[in-house]
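Undergrad: Structure incoming, see below.
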Amino acid sequence: MKTIEIQTAVLKAALFCAAKNDIRYYLNGVFVESKNGNLFIVSTTDATMFVHQIEGGYSGDDFGFIIPRSVVESIVKTKNKVLEIAGESFSRGSELRCGSTLFTSVDGQFPNWRSVVPSHLGTTIQDSITLKFNPELVMDCYSAIATAEGKKEKGYAAKLGDTGQCGIVSGDNPLTFCIISPMRDTGKPSWRVL
């Protein structure tokens, strides 16, 4: 039996940027990935994306699976600060357990989320491009960062940076961030994950 542990607050935070009832069913959940011993918790609506890295979070083989949104909404109601997810295999369509909750991971391929993370993450590009962002999406990203970092006080200030391609919202932990797509003149995001 394989097991991983994820902070409840991180899964709760991922819900702010997870799709709801999207026709692309594989976006309606939270992606859990192991790569080179690190765990990544990722969610996206295609206009926003939440990423949280847990360094050294898993020592086994690389894997990736999607926890359905409805399952995440249910399991984050627990009082436990850390959730353990267990199963024989961490793959698409596998049977998993979190506490007393049994569920099947989504049988779908999550998009290549790394392709939209700027290579110069954490730096601000100084040029003449002005990007506009949907304020509701900015607030969702602020809420996700505050939730992941356990900040409950009002007025918590995450940082919004502009890379010239997208917005980056980050807080105190450099391994947790959100990416926001800029708006076009139509008010819709100008890029998509897919």
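Undergrad: Among the candidates Glu73, Glu88, Glu5, Glu55, which residue alone is over 22 Å from Thr101 (Cα atoms) and touching a residue at least 40 places away in the same chain (Cβ under 8 Å)?
TA: Criteria check complete, one pass: Glu55.
Undergrad: Before we move on, is Asp62 in contact with a Phe, Trp or Tyr (Cβ under 9 Å, 6 or more places away or on another chain) and acidic (Asp, Glu)?
TA: No, not satisfied.
Undergrad: While we're on this one: Restricting the search to the stretch 110-128, which residues are within 11 Å of Cys166 (Cβ to Cβ), open to solvent by 60 Å² or more (accessible area, probe 1.4 Å) and at pLDDT 55 or above?
TA: Matches in the stretch 110-128: Leu121 only.
Undergrad: Say we look at the stretch 28-68 and pick out the residues that are in a loop (DSSP other than H, G, I, E, B) and of a type in the set (Gly, Ala, Ser); which of these is modelled with the lowest pLDDT?
TA: Step by step, filter the stretch 28-68, then rank; the result is Gly57.
Undergrad: A follow-up question, please. Exactly one condition in (1) closer than 20 Å to Ala146 by Cα; (2) open to solvent by 10 Å² or more (accessible area, probe 1.4 Å) is not met by Leu11; state its number.
TA: Going through the list (1) closer than 20 Å to Ala146 by Cα; (2) open to solvent by 10 Å² or more (accessible area, probe 1.4 Å), Leu11 breaks only (2).
Undergrad: Can Val10 be described as touching a residue at least 24 places away in the same chain (Cβ under 8 Å), under 18 Å from Thr176 (Cα atoms) and either of a type in the set (A, V, I, L, M) or in a strand (DSSP E or B) (or both)?
TA: Against the criterion (touching a residue at least 24 places away in the same chain (Cβ under 8 Å), under 18 Å from Thr176 (Cα atoms) and either of a type in the set (A, V, I, L, M) or in a strand (DSSP E or B) (or both)), Val10 qualifies.
Undergrad: Among the residues of the stretch 52-79, which ones are over 13 Å from Thr104 (Cα atoms) and touching a helix residue (DSSP H, G or I) at 6+ places or on another chain (Cβ under 6 Å)?
TA: Those that are over 13 Å from Thr104 (Cα atoms) and touching a helix residue (DSSP H, G or I) at 6+ places or on another chain (Cβ under 6 Å): His52, Val76.
Undergrad: Checking the structure you have, find out if any residue of the stretch 87-107 is closer than 18 Å to Ala146 by Cα and either open to solvent by 30 Å² or more (accessible area, probe 1.4 Å) or part of a loop (DSSP other than H, G, I, E, B) (or both).
TA: no
Undergrad: Would you pick out the residues in the stretch 15-44 that are charged (D, E, K, R) and open to solvent by less than 30 Å² (accessible area, probe 1.4 Å)?
TA: Glu33
Undergrad: A further question on this structure: Filter the stretch 69-84 for residues that are crowded, with 17+ Cβ neighbours inside 10 Å and part of a strand (DSSP E or B) and give the result.
TA: Leu83
The values are calculated or read from the model by the stated rules, or taken from the named source; none is laboratory data. These numbers come from a predicted model, not from an experiment. So basically every Cβ, Gly included, is an ideal-geometry build from the backbone, and we count neighbours across all protein chains shown. These accessible areas exclude ligands, DNA and RNA; they are computed on the full protein's heavy atoms, side chains included. Shrake-Rupley method; radii C 1.70, N 1.55, O 1.52, S 1.80 Å.
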